[in-house]
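Since every read-out is calculated from the coordinates, none of them should be taken as a lab result. All of these numbers come straight from a predicted model, not from anything done at the bench. When we count neighbours, we look across all protein chains shown, and the Cβ atoms used for this are built from the backbone with ideal geometry, even at glycine.
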Amino acid sequence: MALSNINKFSPYTSTGQQAPLFPKLGYRFRVLFSKFGGASGISGSGGDANKVLEMTRQVISCGRPDLTMDKKTIELYNSQVHYASKPSWGDISLKLRDDMAGNISKIVGEQIQKQFDFLEQASASSSGDYKFSMHLDMLDGGNGANGPVVLESWELTGCFISKATYSELDYSKTDPMDISLTISMDNAIQTNGAGTAAEGIGSSVGRATGNMLAP
């Protein structure tokens, strides 16, 4: 029988040593959108599914939420004490491939137009008129007969585009064109989806989640 010392690779604790857990991988993810641009549905469902699904297909990269808890200080006689004040969610970056059919540039343009009408120089009467939602799933890499399972989910609400950057034109470059968006949000909710089948993609039968590295 082959000898294994995989348990020796982790720090010693009160319960001894165990094999290290396999990490989530940054390229196994998907991003779903709801009410982005002129679409009202969420990608993967009915209504405007085909339209917003183009966004999901063309995602290159997407950041995860960044939280800052504002710190306040109370001055005392010989010292200080601190307490956490209001939370603040930072912006995230989203990069999309700009396809030949113009689907991505069109739907991004529709979203920007919802936020501000540049022709008429008119803004939306309420933020509810243009805000959208994003759903981030980290997946385990399953595909085909063994569909992926969701390892982690983020629900981002009250989103809008605060910056849009279109990649430059250059005769010397052969890279695909892209559109980089900075997304601001009101709130983010994280859930642990380990063991949950990725909706609309397939069954998770036969897929293991949270496995330790095999010896």
_If neighbour count is taken as other Cβ atoms inside 10 Å, put C159, C62 in order from fewest to most._
C62, C159
*K24: net charge of surrounding residues, Cβ under 13 Å, Lys/Arg +1, Asp/Glu -1, itself excluded?*
-1
*Within a Cβ distance under 15 Å of I189, other residues only, what is the Lys/Arg minus Asp/Glu net charge?*
-4
*What ranking of Y27, Y83 emerges when the number of other C-beta atoms within 10 Å of each C-beta is taken as an exposure proxy, fewest first?*
Y27, Y83
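Can you give the local net charge around G158? Use residues other than it whose beta-carbon is closer than 10 angstrom to its beta-carbon, Lys and Arg +1, Asp and Glu -1.
Overall, the nearby charge balance is 0.
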*Qualifying GluC sites (Glu not before Pro) in region 139-172, DSSP loop, other Cβ atoms within 10 Å at most 14*: E168
_Which of the three applies to region 23-197, rounded, prolate or oblate, going by the alpha-carbon gyration tensor with a ≥ b ≥ c and a/c under 1.5 meaning rounded?_
oblate
_Out-of-range pairs (alpha-carbon distance over 25 Å; input K95/K173; K72/K95; K35/K163; K35/K72; K131/K163)_ = K72/K95; K35/K72
*For E152, list long-range residues whose amide hydrogen, built 1.01 Å from N in the peptide plane, is under 5 Å from its own amide hydrogen.*
M138, G193
